[in-house]
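Have a look at this one before I ask anything.
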Amino acid sequence: MAFDPMASQGIAKALDHGKRAAADIASHLAGDAFLPERLALDLEREYAAYRATRAGYYRIEKRWPRSVFWKRRHEKPVTS
């Protein structure tokens, strides 16, 4: 997963996710067969919450209405 550099979360999230993954892998190797799936679901939820928060902040920005960067971020997301 990638975080917007403006959010200043990339390094902290990478360290936290690595630490969580290491703990879950150790538990899995000790016999817990479900932790890898739970970690994946937790990370998916966490990233979805981050993306929703980011979208909210991006919607607030109105200073550069003709900027391609901001036009793309104000478009409705394509869902499948």
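List the GluC sites (Glu not before Pro) in the stretch 6-67 that DSSP assigns to loop (not H, G, I, E or B) and whose Cβ has at most 15 other Cβ atoms within 10 Å. Which are they? Let's see the in-between values first.
On the way: sites: GLU37, GLU44, GLU46, GLU61; in loops: GLU61.
For GluC sites (Glu not before Pro) across the stretch 6-67 that sit outside H, G, I, E and B with at most 15 neighbouring Cβ atoms in 10 Å, the list reads GLU61.
Given the Cα-Cα distance of PHE69 and ARG45 and 0.36 nm per residue of separation, how much length would full extension add, in nm? Intermediate values should be presented prior to the final figure.
Numbers: separation 24, 0.36 × 24 = 8.64 nm, distance 2.60 nm.
The span from PHE69 to ARG45 would gain 6.0 nm if fully extended.
Also, quick follow-up: Run the reach check for LYS71 against lysines, Cα to Cα strictly under 17 Å, same-chain hits fewer than 8 apart removed. What comes back?
Answer for LYS71, where 17 Å is the Cα cut-off: LYS62, listed by chain and number.
What is the angle, in °, between the Cα long axis of helix 10-29 and the longest principal axis of the Cα atoms in the chain? Nearest 10 is fine, range 0 to 90.
Around 30 degrees separate the two axes.
In the stretch 1-73, which trypsin sites (Lys or Arg not before Pro) fall in coil by DSSP and have 14 or fewer other Cβ atoms within 10 Å?
Values: sites: LYS13, LYS19, ARG20, ARG38, ARG45, ARG51, ARG54, ARG59, LYS62, ARG63, ARG66, LYS71, ARG72, ARG73; in loops: LYS62, ARG63, ARG66.
Here the sparse-neighbourhood loop sites are LYS62, ARG63, ARG66.
Using a probe of 1.4 angstrom, how much of the accessible area of the chain is carbon and sulfur, in percent? Intermediate results must be reported in sequence, preceding the final value.
Working: 4030 of 6600 Å².
Whole-percent figure for carbon plus sulfur exposure: 61.
Can you give me the accessible area per residue for the chain, using a 1.4 Å probe, in Å²?
Numbers: 6600 Å² over 80 residues.
Dividing the accessible area of the chain by its residue count gives 83 Å².
Output wanted: per-residue J couplings in Hz (rounded whole) for the stretch 32-37, from phi through Karplus 6.51 cos²θ - 1.76 cosθ + 1.60, θ = phi - 60°, x for Gly and Pro.
Computed from phi, the couplings for the stretch 32-37 are 7, 7, 9, 4, x, 5 Hz.
Going through the chain, which chymotrypsin sites (Phe, Trp or Tyr not before Pro) have at most 13 other Cβ atoms within 10 Å and a DSSP loop state?
Taking the chain and a limit of 13 other Cβ atoms within 10 Å, the loop chymotrypsin sites (Phe, Trp or Tyr not before Pro) found are PHE34.
From a point 7 Å beyond the Cα of ARG38 in the direction of its Cβ, which residues of the stretch 1-29 have a backbone N at a distance under 14 Å?
Counting only backbone N, you get 20-29.
The values are calculated or read from the model by the stated rules, or taken from the named source; none is laboratory data. Here the structure is a predicted model, which is why all the values come from computation and not from measurement. Please note: Cβ atoms are built from the backbone with ideal geometry, for glycine as well, and neighbour counts cover all protein chains shown. For the accessible areas, the whole protein counts, side chains as well, though only heavy atoms, and no ligand, DNA or RNA atoms are used. Shrake-Rupley method; radii C 1.70, N 1.55, O 1.52, S 1.80 Å.
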